[in-house]
Amino acid sequence: MVQQNDVHYTTLDSPLGTLLLTADGSGALTSLSVPGQKGGCTLQPQWGHTPGLFREAEQQLAAYFAGELHEFRLELRTDGTEFRERVWAALDSVPYGQTTTYGAIAARIGASRAAVRAIGGAIGANPLLVVRPCHRVIGADGSLTGYAGGLDRKVRLLELEGVSPR
């Protein structure tokens, strides 16, 4: 587990508002939060402001928001339960410009349909918004469902990727 004093951060302006990015000492991205995000990171005084550590993430995010990048290639490091890590890995496989459902994520990780609520909880706890595309998960009926960053941001991300949300 990363010690709190080993956390590096930077902030970036984006179409979603000011993003807060954190990384561990090796430079692996550990979180990406948006303003007002449910369960998102909040800046801590012991964190080191190290913008240079995030140059690659900054470039890839700028390209993504410009519609030029469809797949992030960043070193990521998260600290979730084994179940959450499986769910997050399944999110990583949802292609740009496509959506999936909670039930499909459950099937992808070998969980039962009854696990859909737990899948939703794991997706809601995703610490890497945008980069790990939880915005691509919608309801079984095609409706938009919760998004820790707010449904307005989910709509913006889906529209950026060419998806017409309901």
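Just the residues that are part of a loop (DSSP other than H, G, I, E, B) and buried (at least 21 other Cβ atoms within 10 Å of the Cβ), please, taken from segment 133-153.
Those that are part of a loop (DSSP other than H, G, I, E, B) and buried (at least 21 other Cβ atoms within 10 Å of the Cβ): PRO133, TYR147, ALA148, GLY149.
Any residue at all in segment 9-19 that's open to solvent by 80 Å² or more (accessible area, probe 1.4 Å) and either modelled with pLDDT of 95 or more or not aromatic (Phe, Trp, Tyr) (or both)?
Yes, because at least one residue in segment 9-19 is open to solvent by 80 Å² or more (accessible area, probe 1.4 Å) and either modelled with pLDDT of 95 or more or not aromatic (Phe, Trp, Tyr) (or both).
If I go through segment 34-85 residue by residue, how many of them are out of contact with any Leu (no Cβ under 7 Å at 6 or more places or on another chain) and at positive phi?
Within segment 34-85, residues that are out of contact with any Leu (no Cβ under 7 Å at 6 or more places or on another chain) and at positive phi number 2.
Is one or more of the residues making up segment 97-106 open to solvent by less than 10 Å² (accessible area, probe 1.4 Å), touching a helix residue (DSSP H, G or I) at 6+ places or on another chain (Cβ under 7 Å) and in a loop (DSSP other than H, G, I, E, B)?
no
Given the conditions (1) touching a residue at least 40 places away in the same chain (Cβ under 8 Å); (2) open to solvent by 80 Å² or more (accessible area, probe 1.4 Å); (3) under 14 Å from PRO127 (Cα atoms), which single one is not true for HIS49?
Condition not satisfied by HIS49: (3).
Applying the selection to segment 71-93, what residues are open to solvent by 90 Å² or more (accessible area, probe 1.4 Å) and assigned to a loop (DSSP other than H, G, I, E, B)?
Hits for segment 71-93 are GLU71, ARG73, GLU75, ARG77, ASP79.
Quick check on my filter: what residues within segment 40-70 are within 17 Å of LEU16 (Cα to Cα) and either touching a helix residue (DSSP H, G or I) at 6+ places or on another chain (Cβ under 7 Å) or part of a helix (DSSP H, G or I) (or both)?
The answer is ALA57, GLU58, GLN59, GLN60, LEU61, ALA62, ALA63, TYR64, PHE65, GLY67, LEU69.
The values are calculated or read from the model by the stated rules, or taken from the named source; none is laboratory data. Not measured: the values here are computed from a predicted model. Cβ coordinates were reconstructed from backbone atoms using ideal geometry, including for glycine residues, and neighbour counts include every protein chain displayed. Only protein heavy atoms, including side chains, enter the accessible area calculation; ligands, DNA and RNA are left aside. Shrake-Rupley method; radii C 1.70, N 1.55, O 1.52, S 1.80 Å.
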